[in-house]
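Peer 1: Got a structure here, written out as structure tokens. Questions coming.
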Amino acid sequence: MSQHYKKFLSLLERWPIDKSKVGRDLGQYLRDQLTAVLGSSNIIAVKDDRLNRQFRSLENIVNDVNAHRYPRTLNSTATGLSGEQCREVLSTEFLQILQKKD
């Protein structure tokens, strides 16, 4: 199992953590899950083939496999906002401001 832990750990080192989404960041969630699954005493119950599939899927996301395979022709969104504006709207700070207004 230690080889799985090392593979996932090296993968997650390349996965960015978005500091604007405290408690809601996918990178942090994946790190927490890695610790829970591979760092527990229940490690024997984990299936090797399932871990390998999950690793390949996460690796494809980190390496932007589909972004390179299917490049976007337009840089617009359904909301009309830019990517940076969407990131700001989804930040924890902005969501707290909205909650205060309600």
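Peer 1: Name the residues in region 86-102 that are open to solvent by 100 Å² or more (accessible area, probe 1.4 Å) and either among the acidic types (D, E) or in contact with a helix residue (DSSP H, G or I) (Cβ under 9 Å, 6 or more places away or on another chain) (or both), would you?
Peer 2: E88, E93, D102
Peer 1: When region 62-96 is examined, which residues are found to be modelled with pLDDT under 90, of a type in the set (V, I, T) and under 22 Å from I17 (Cα atoms)?
Peer 2: Across region 62-96, the qualifying residues are V89, T92.
Peer 1: Which of the residues spanning region 1-25 are at pLDDT 75 or above and of a type in the set (S, T, N, Q)? Give the steps one after another, and end with the answer.
Peer 2: Going through region 1-25, the residues at pLDDT 75 or above turn out to be 3-25.
Matches in region 1-25: Q3, S10, S20.
Peer 1: Among the numbered criteria (1) modelled with pLDDT under 85; (2) surrounded by 16 or more Cβ atoms within 10 Å (Cβ to Cβ), which single criterion is violated by Q28?
Peer 2: If we test Q28 against (1) modelled with pLDDT under 85; (2) surrounded by 16 or more Cβ atoms within 10 Å (Cβ to Cβ), just (1) comes out false.
Peer 1: On to the next question. Taking the stated definitions as given, is R50 free of Cβ contacts under 8 Å to residues at least 24 places away in the same chain, over 15 Å from the mean Cα position of the chain (by Cα) and assigned to a helix (DSSP H, G or I)?
Peer 2: yes
Peer 1: Among the residues of region 55-85, write down those that are assigned to a helix (DSSP H, G or I), hydrophobic (A, V, I, L, M, F, W, C) and exposed (fewer than 12 other Cβ atoms within 10 Å of the Cβ).
Peer 2: Correct list: A67 only.
The values are calculated or read from the model by the stated rules, or taken from the named source; none is laboratory data. No experiment lies behind these values; they were computed from the predicted model shown. All Cβ positions, even for glycine, are placed from backbone atoms using ideal geometry, and neighbour counts span all protein chains on display. With ligands, DNA and RNA removed, areas are computed over all heavy atoms of the protein, side chains included. Shrake-Rupley method; radii C 1.70, N 1.55, O 1.52, S 1.80 Å.
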